[in-house]
Amino acid sequence: MFLRRDPRRNSCGTFAVAGSDFRGPPVRLRTKLVLTFVAAGAVPAVLCAAVAWKATSRLAESTGHRFEAIAADSLDKVDRFLFERYGDVQAFGFNSSVRDAAKWPKDAASAAAHPIVGAMNDYMACYGIYGLMVLVDTKGKVIAVNSKDAAGRPLATDTVYAMSFADAPWLRDALEGRFLTTDSLTGTVVEDAMPDDLLGRFYPASTVSGGSAAPLAMGFAAPVRDARGEIVGVWKNWMRFDFVTGMLEAPADALATEGLSSARFHLVRANGQPIVSVDANGAAATTIAPQHEAVTRAMRGEAGSGSFLASDGNGTSTVGFAPEVGASGYRGMGWGLVSEVDERQTLAGIAAIRTQLVGSVGASIAVVVVLAFVVARMLLTPIRSLTDRLKDIAEGDADLSKRAFDGRNDEAGELAQWFDKFVERIEAIVVEVKTGAAQIDSGVALVSQSTQAVAADATSQAANLDNIAQQLRSIHQATEETAKRVRQADEIGDRSHAASSRGRDEMSRMSSAMQEILAGSSEVSRIIKVIDEIAFQTNLLALNAAVEAARAGDAGKGFTVVAEEVRSLAQRSAEAARSTNEMIATSVERAKRGAEVADRVAAALVEINSATLEVKEILNGITDSSETAARGVNEITSSVTSLNEVTNRTAGQTEEMAAAAEETASQAASLRDLAGSFTVSER
């Protein structure tokens, strides 16, 4: 039996690994893991922050739209209020004590106790919004003036009887029919809001907003007709403008309670000149310039909002503006209303949200990075340990008695356990090699003895025959062992094939389950989008409902409509929410199915791996048996040849056996060196 030196064995007695000439530094798995974790954590956070940032921009726009709606709603309330004043003066003129001119008082003394003055005082107390009422004839002579204010306090109006309104524009307009007229409304002369000196005789300017020496007032005048329909006089009411101002103070107060203390409303005339400016404290010290962009656009009939220069010229304001469009047939005076709030207040909440967004995203990314390094360390530490162990074995420190398993109860621990089993298998092979080397040494001694015996006496052939019989028995046993192991390998191959088939089937089922989960996730995304849209519309409708709730009078009708819309949207939101819950439950169930399938696949793969290892062990055994049989056959051949030529070539056989003994001794020495490079456990 001759042993050949393996060409892969180097001069140091170790084996060179094919393909071990690594070029360049290895790709670091830690870097890939960290980048993957950071991408998976940071990208969604940045996307969510971008969506939220865009939402805050929309919130800023909706704030401007809200101020626009407040301006339009406030003007609508003012127009409804003035529409009623438009009809009051006409109704007063139908009083029975007024229509009979023959019964009118002749002078101030007789007017004091006249029914007309009594009716005027009753009207003053009932409505509470007028400062002065006067009845004049067609020449402008004063017939009657109220003698009490709205609170029932006496007014020194006797001096009014001495006045003449013959040149008053409202008198000429009323007599000539120049009324504020629309398709459905006529009969009243309406004077724009102006400081009124006559009203200032009885009411101080401080009680009416406007900042002028005389209080602001609006005049409403209508002809008085007798029973035949002839004009016999004109009735005029001076409405105190502080009631209109109060309508503008209400939304300013409401905004102030929300933290928008800088809220200010500017009412302007058709020519852009300011009428009154109010804030939460009443009259504002600063009015708005006619050339302000919001004023000019409102005078062009536009309604809108945006960021404009503040009315006082300091900074910018969030502004909403609207033109007067009239109400209930009353066309209005062509006014415009501008609402403004310091942009620092309107955007304060948005700025805080954006600051929180930036901080949250930054903190999230920092946490993700830290977690990425921690997880990468946890995953890579056992891998590095196994790598170092393999490196030690490959580079010469072939201590097969060391083990890599450190007690970890996870996949890394399982990998270390299987590595230890692999090392144990290698260790068993090395032990067998050492045993074989010892047996070779024994064989060399036997060959030496046989050589001496052949040289000394031919009777040593009997020993050769005994050796042949022994080798034949060994061959027979090795052959039977080989057949047995081949049968076992066939059975294990069948088990491995079946396990592989089950693994493929389970993997297919897992793929189907994952597809179902993906489909369910898409449905969930669609429904969530619907909920988001409905929530957004519900928010807008709720805002409109809140505005409508602040209205007085007929404004409640609008609130009913908005409330119905809000309920409808709420129902849609509930349905979408239920659908979302069902889809989420389905996704969870499918995920469970996927997990179960994955477990079965893992079990099948473990079984396949186990079967493969068994096949490997059996094949190794077959290889050893085959080598033993081959050695036996070689020895038998040599022995038979020796027996055939023993007579005439005894000396030649002795030399050949001596040479074979030397070669065997050399191979045994090499085998001992190779086995000695591995350190094994004591057995």
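Here, each number is a calculation from the coordinates, and none is a lab measurement. Just so you know, these numbers come straight off a predicted model, no measurement behind them. Cβ coordinates were reconstructed from backbone atoms using ideal geometry, including for glycine residues, and neighbour counts include every protein chain displayed.
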To the nearest 0.05, the calculated FRET efficiency linking Asp673 and Ala366 through their beta-carbon distance, R0 being 56 Å, is 0.45
Tell me, in nm to one decimal, what length is gained between Glu258 and Ser474 on full extension, where the rule is 0.36 nm per residue of separation less the Cα-Cα distance? 67.5 nm
Rel. contact order, % - alpha carbon contacts under 8 angstrom, at least six apart, region 227-316: 18 percent
Using a 7 Å offset from the Cα along the Cα-to-Cβ direction at both Arg201 and Ser184, what is the distance between the two label points in nm, to one decimal? 4.0 nm
Potential lengthening between Glu589 and Ala438 on full extension [0.36 nm per residue; Cα-Cα distance subtracted]: 48.0 nm
A chain fully extended from Ser401 to Val43 at 0.36 nm per residue, minus the present Cα-Cα distance, gains in nm 124.1 nm
Tell me, Thr157, Thr138, Thr182 in order of fewest to most beta-carbon neighbours within 10 Å? Thr182, Thr138, Thr157
Quick check: pseudo-label points 7 Å beyond the Cα along Cα→Cβ at Ala659 and Met194, how many nm apart are they? 14.4 nm
In region 158-253, which GluC sites (Glu not before Pro) fall in coil by DSSP and have 13 or fewer other Cβ atoms within 10 Å? Glu230
Return the lysines within reach of Lys421: Cα separation strictly under 17 angstrom, same-chain partners fewer than 8 residues apart disregarded; answer none if there are no such residues. Lys402, Lys616
Computed over region 74-242, the convex hull of the Cα set has an average projected area, in nm², of 9.8 nm²
Here P(r) for region 246-344, Cα-Cα distances in 10 Å bins, as whole percents, is 18, 51, 28, 3
